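The next block holds one structure in the form of structure tokens; read it before the comments.
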Amino acid sequence: MIDTSEKTSVLAKVIVVRDDIVTFELQEEGERHGIMKNEVVFIRPSSNPAERLQAEVLRIRGREADAQVFEDTRGIAIGDAVELSSQLLSVALGPGLLSQVYDGLQNPLENLAVLHGFFLPRGTAVDGLDPNKRWKFTPTAKIGDVLRAGDVLGSVQEDRFTHKIFVPFDMVGEVTVDWVQVGNFTVNDPIARVVESDGRERTLTMTMHWPVRRPIPAALLRRRSSMRLYPEEPMVTSLRLVDTFFPVARGGTACIPGPFGAGKTILQHLISRYSAVDVVIVIACGERAGEVVETITEFPNLIDPHTGGSLMDRTIIICNTSSMPVAAREASIYTGVTLGEYYRQMGFHVLIIADSTSRWAQAMRETSGRLEEIPGEEAFPAYLDSSVRGIYERAGVIRTNDGSVGSLTMIGTVSPAGGNFEEPVTQSTMRTVKTFLGLSSERAYKRFYPAVDPSLSWSRYREQLRDWFDREMDPDWTQRVERMLRLLQRGNEVAHMMQVTGEEGISLEDYLDYQRATFVDMVYLQQDAFDDVDASSSLARQKVTFAMVAEVVAHEPNLADKDAVRKLFTRLTGLFKNFNYAAETSPDFKRYRAEIKALLGG
């Protein structure tokens, strides 16, 4: 959402229109004004002068510039006026962001629907923050205090969150608080005035506008006001397969690639609902409208397991479906990441789920093609790799100006055509992230959910977080997990051998390894998302369950043939499934545990 309070003027004219790319030429007055990359401009179609179509400058060539239009370009003609705003593509930051559903340019969709119905007129924009709602501002800074960019002026209560109000992040040098007031104010009311080092005064409100393509903490890190920290603990998702075998660090990066129908959407919902984070930002980037509507309607009705309230109370949804303009789809991920950085700066732990980065990359491909840039592999732009890295590198752990620690964890889904993990977007993402949760259509077809394939997936955080796991779980936790992964790999190899030779073509020892690996898969890797107990497994319960599974795997049964081995593991699998469905406080929990121990002869 661009701050349009500053006056814009007609300084350029349209000279070329190519789909959503418009080329304009600066007039004589515009040359004196100048233009910058990523500046927002407004096109005024002569066919309807009341419309102001927002666009972003992508490339500048002398007096000419190419801009991507965030609307349908029908009706734009040669010679139409172009207004320059002197502002970069920005979002409004302040209280009132939580529980909102925005489009890629931070227009609240609910407000747009109230004003214009479900079919939105072109060129419509609404304030990203409610200008009429009042918030009780409590200052922490006093008159005479010397502050810097990113320091806390005060706070308001946003539902259960203490929403900090900052000295604007773009403020240069030290400022002195001239006056500050307490009371109930709108986001646009003055709450304080500061004096800069050169004597200029600046009045502050609870709102600031920040360019979405510029990381919020970049300048703060250069000035050493804030500090980037090394991720040292996992983001607990309560999914056994993820937390135990392929952990994601708090402040880390991960991707979930998989073909259509492999369960990406339900896996995202589970991670966003049960992960130990404060704020969740879901970026629906280019997905089908049906999936997005499902997310929008389900989240308000889901119970937040951490607070008992609505899951939507701590969620922001950025919604740009496949039917919306391509340019806005490309901008939506930057909008979501900027909002995430804002809440991280308050000391909150933020999770961003981008679904899907493939659609985002396809939007870049379309724009690059219309700009006639030299294409890379599969016609994606040559800068695809750096663009993917630029997004994921904005994740991380930050110690903020006031000493609080916040994190931003980013998980992107990738939708490769036909499940081909060799395509450019998947490969660029794999080179960037540190956890790769590869979904397989084969496991989904077998109804093995979550359909994360342990033979495809990996996590570099398992070794990085070894000290944390060995301290908080078990002294040799990481080593035991690696042994279990080797067993799963061995079981997969035996399964392939059996496809050729049958059961009779392998030894009893190999068959025992196969049954052990299948047992681990069935009772530990798989979780029932529709069961109230099994849908979420705490770390404490994972520790107990993993120890029991390891005991079964280490057990050497004295059995004469494969049929007896099969019967034993079928019985064990049934007991363990029931154990997973039993609440820890229920009598069934202890009963099934005792039955498993008895079956092992313990």
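The values are calculated or read from the model by the stated rules, or taken from the named source; none is laboratory data. This structure is a prediction, so every number in the text was calculated from the model and none was measured. Using ideal geometry, Cβ is built from the backbone for each residue, glycine included, and neighbour counts are taken over all protein chains shown. Please note that ligands, DNA and RNA were not included when accessible areas were found on the heavy atoms of the full protein model with its side chains. Shrake-Rupley method; radii C 1.70, N 1.55, O 1.52, S 1.80 Å.
Numbers below:
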read-out: Radius of gyration, Dmax [region 499-590; alpha carbons; angstrom]; value: 14.9, 46
read-out: Square roots of 5 times each gyration tensor eigenvalue, C-alpha, the chain, largest first, Å; value: 50, 29, 20
read-out: Net charge over other residues, Cβ less than 12 angstrom from the Cβ of Ser272 (K, R count +1; D, E count -1); value: -1
read-out: Largest-first ordering by accessible area, 1.4 Å probe, given options Tyr524, Tyr274; value: Tyr274, Tyr524
read-out: Residue-normalised accessible area of the chain, given per residue in Å² at a 1.4 Å probe; value: 42
read-out: Whole-Å distance, taken between Cα centres, linking region 42-92 and region 265-324; value: 32
read-out: Accessible surface of region 119-273 [probe 1.4 Å, protein heavy atoms]: carbon and sulfur percent; value: 51
read-out: Computed helical MRE - 222 nm, the chain, DSSP H runs ≥ 4 contributing -39500 (n - 2.57), nearest 500; value: -9500 deg cm²/dmol
read-out: Accessible surface ranking that places the most exposed of Arg59, Arg471 first, with a 1.4 angstrom probe; value: Arg471, Arg59
read-out: Solvent-accessible area of Glu110 with every protein chain in place, 1.4 Å probe, in Å² to the nearest 10; value: 140
read-out: Filter on Lys37/Lys264; Lys543/Lys597; Lys446/Lys577; Lys543/Lys577 - keep pairs with C-alpha separation over 28 Å; value: Lys37/Lys264
read-out: Region 444-602: relative contact order as a whole-number percent, Cα under 8 Å and 6+ apart; value: 20
read-out: Percentage relative contact order, region 45-163, counting C-alpha pairs under 8 Å, at least six apart; value: 19
read-out: Dimensionless Rg/Rh of region 357-476 - Kirkwood Rh, Rg from C-alpha atoms; value: 1.06
read-out: Tilt relative to the chain, helix 562-581 - C-alpha long axis, 0 to 90 degrees, to 10; value: 40
read-out: Cα-based helix-to-principal-axis angle, 264-274 vs the chain, degrees rounded to 10; value: 90
read-out: Whole-number percent relative contact order across the chain, with pairs defined as alpha carbons under 8 Å at least 6 apart; value: 12
read-out: Placed amide H near Gln100: partners under 5 Å, 5+ positions off or other chain; value: Ile317
read-out: Accessible-area order (highest first, 1.4 angstrom probe) of the listed residues Met430, Met346; value: Met430, Met346
read-out: Cα-based helix-to-principal-axis angle, 508-520 vs the chain, degrees rounded to 10; value: 40
read-out: Share of alpha-carbon pairs per 10 Å distance bin for region 18-126, given as whole %; value: 13, 42, 32, 12, 1
read-out: Local net charge near Arg74, Cβ-Cβ under 15 Å (Lys/Arg +1, Asp/Glu -1); value: -3
read-out: Net charge of neighbours whose Cβ lies under 14 Å from the Cβ of Glu551, counting Lys and Arg as +1 and Asp and Glu as -1; value: +3
read-out: Qualifying lysines (Cα of each under 30 Å from Cα of Lys142; at least 8 residues distant if same chain); value: Lys133, Lys164
read-out: Gap separating the Cα centres of region 476-540 and region 247-263, nearest whole Å; value: 21
